[in-house]
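K.L.:
Got a structure here, written out as structure tokens. Questions coming.
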Amino acid sequence: CRAHSKANTKKRAPPLASFVLAARIPLLLNAMSSYDRAITVFSPDGRLFQVEYALEAVRKGTTAVGVRGKDVLVLGVEKKAIAKLQDPRTVRKIVEIDSHVSLAFAGLTADARVLVQKARLEAQSYRLGYEDAVSVEYITRHIAGVQQKYTQSGGVRPFGISTLIVGFDADGTPNLYGTDPSGTYYAWKANAIGRGSKTVREFLEEKYTPEVEESEEACVRLAIEALMEVVEANKNIEVAVVRNGQRMALMDDDAVAAVVAAIEEEKARKEAEKQRQRAQ
């Protein structure tokens with residue numbers, strides 16, 4: 001019996017490796033959390049978690065769309081829901097950087113306010129120093145540089161916004177750029193940021209054609225139709241149009257509603273045509 005008891009005791013005793021593993025688990029979890037907290041530290045697989053979290057904040061923001069035409073640039077955004085007694089003029093997702101450069105953003109509004117102020121200051125400093133307006137690429141590169149700086153400095157966090165920047169250069173060239181929290185920027189023909197941006201981008205890739213690029217009306221329609229893919233209420237759409245040599249102009253609600261009604265009417269007509277063909 002005594003021998004049998006000793007055999008059972010040996011059988012139940014956990015191996016030494018289990019003790020070692022149990023001791024290492026808290027250390028491993030602590031190491032992972034340190035990569036999570038430190039903005040300037042890469043994880044072993046080469047990731048910056050805080051930048052990824054900033055990108056997630058952008059994906060939770062309201063949608064913004066930009067479309068570049070031959071002679072026009074269009075920015076469209078999903079209007080943020082506001083309180084009944086709040087002044088809507090104080091809630092803007094489309095702003096001017098300079099008289100010829102405009103910006104739409106998705107993400108944290110407070111972060112956007114700080115970044116927009118830095119961009120405006122740089123644009124005015126450039127005018128003062130060079131007696132000329134900034135190019136759209138220059139101010140985009142400055143904004144992306146500020147965003148990138150906040151991904152490798154201690155004691156700060158990344159900006160939780162992505163931007164769409166539009167404007168005409170002195171030679172009349174239309175430009176549409178996009179930046180993200182990592183500090184990367186690219187030029188686009190059409191792009192979307194914010195909630196549902198993947199769906200909207202796929203829609204733009206399908207619908208954007210050289211014919212659309214030639215027409216101001218088609219560019220405006222495409223921006224609104226793209227937003228309608230993800231916006232719950234079609235009245236919550238705001239559109240700004242930038243023409244060469246002119247300042248940004250916001251479309252009034254009635255004009256936007258007319259385009260929305262025309263799009264919905266065309267969709268209804270196509271759906272009725274499909275049902276008629278199926279019936280035959």
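The values are calculated or read from the model by the stated rules, or taken from the named source; none is laboratory data. The model shown is predicted, which means the values in this text are computed figures rather than measured ones. So basically every Cβ, Gly included, is an ideal-geometry build from the backbone, and we count neighbours across all protein chains shown. Surface accessibility is based on the protein's heavy atoms, side chains included, excluding ligands, DNA and RNA. Shrake-Rupley method; radii C 1.70, N 1.55, O 1.52, S 1.80 Å.
K.L.:
Amide H of GLY61: which non-local residues (sequence gap of 5 or more, or other chain) have their own amide H closer than 5 Å, using H built in the peptide plane?
P.N.:
Amide H neighbours of GLY61: GLY107, ARG195.
K.L.:
Working out 0.36 nm times the residue gap between GLU217 and ALA83, then minus their Cα-Cα distance, what length gain in nm do you get to one decimal?
P.N.:
Contour length minus Cα-Cα distance gives 45.0 nm.
K.L.:
Do you know the relative contact order of region 141-280, to the nearest whole percent, from alpha carbon pairs under 8 angstrom that are 6+ apart?
P.N.:
Worked out over region 141-280, it gives 15 percent.
K.L.:
On a full-extension model of 0.36 nm per residue, what is the gain between LEU128 and ASN236, subtracting their alpha-carbon distance, rounded to one decimal in nm?
P.N.:
35.0 nm
K.L.:
What is the calculated FRET efficiency for LYS198 to LYS149, with r their C-beta to C-beta distance and R₀ = 25 Å, to the nearest 0.05?
P.N.:
Here the calculated transfer efficiency is 0.35.
K.L.:
Could you grab the relative contact order for region 209-280? Cα pairs under 8 Å, six or more apart, rounded to a whole percent.
P.N.:
22 percent
K.L.:
Okay, moving on. Please identify the DSSP H helices in the chain that span no less than 27 Å along the helix axis (Cα) and have a mean Kyte-Doolittle hydropathy of 0.5 or more.
P.N.:
Result, helices passing both filters: 16-37.
K.L.:
Follow-up. On the full set of protein chains, 1.4 Å probe, figure out the accessible area of SER99 and give it in Å² to the nearest 10.
P.N.:
SER99 has an accessible surface of roughly 40 Å² with all protein chains in place.
K.L.:
Percent of accessible area on the chain owned by carbon and sulfur, 1.4 Å probe?
P.N.:
Of all accessible area on the chain, carbon and sulfur atoms account for 53 percent.
K.L.:
Comparing VAL230, VAL77, VAL166, which has the greatest mean-square fluctuation in the GNM of the chain with Cα pairs linked when under 10 Å apart?
P.N.:
VAL230
K.L.:
Here is a follow-up. Work out from phi, with θ = phi - 60° and the Karplus expression 6.51 cos²θ - 1.76 cosθ + 1.60, the ³J(HN,Hα) of each residue of region 163-178, listed in order in whole Hz, and give x for Gly and Pro.
P.N.:
Per residue, the Karplus-derived 3J(HN,Hα) values read 10, 10, 10, 10, x, 9, 7, 4, 8, x, 6, x, 9, 9, 10, x Hz.
K.L.:
Could you work out which residue, out of ARG157, ARG113, ARG89, moves most in a Gaussian network model of the chain, that is, has the largest mean-square fluctuation with Cα springs under 10 Å?
P.N.:
ARG89
K.L.:
Restricting to Cα atoms and excluding each atom paired with itself, what does the Kirkwood estimate give for the chain in Å?
P.N.:
21.7 Å
K.L.:
For region 116-219, what is the convex hull (Cα atoms) projected area averaged across all directions, in square nanometres?
P.N.:
Convex hull of Cα atoms, orientation-averaged projection: 8.2 nm².
K.L.:
Suppose every Lys and Arg Cβ carries +1 and every Asp and Glu Cβ carries -1, with no other charges. What dipole size does region 53-163 come out with about its Cα centre, to the nearest 20 debye?
P.N.:
Using only the charged Cβ atoms, the result is roughly 480 debye.
K.L.:
What nm distance separates the two modelled labels at ARG269 and ASP171, each placed 7 Å from Cα along Cα→Cβ?
P.N.:
4.1 nm
K.L.:
Using Cα springs under 10 Å in a Gaussian network model of the chain, which residue among GLY107, GLY129, GLY196 shows the largest mean-square fluctuation?
P.N.:
GLY129
K.L.:
Averaged per residue, what accessible area in Å² does the chain show with a 1.4 Å probe, protein chains only?
P.N.:
It amounts to 59 Å² per residue over the chain.
K.L.:
Before anything else, pin down the relative contact order of the chain: Cα pairs under 8 Å, at least 6 apart, normalised by residue count, whole percent.
P.N.:
Relative contact order, the chain: 23 percent.
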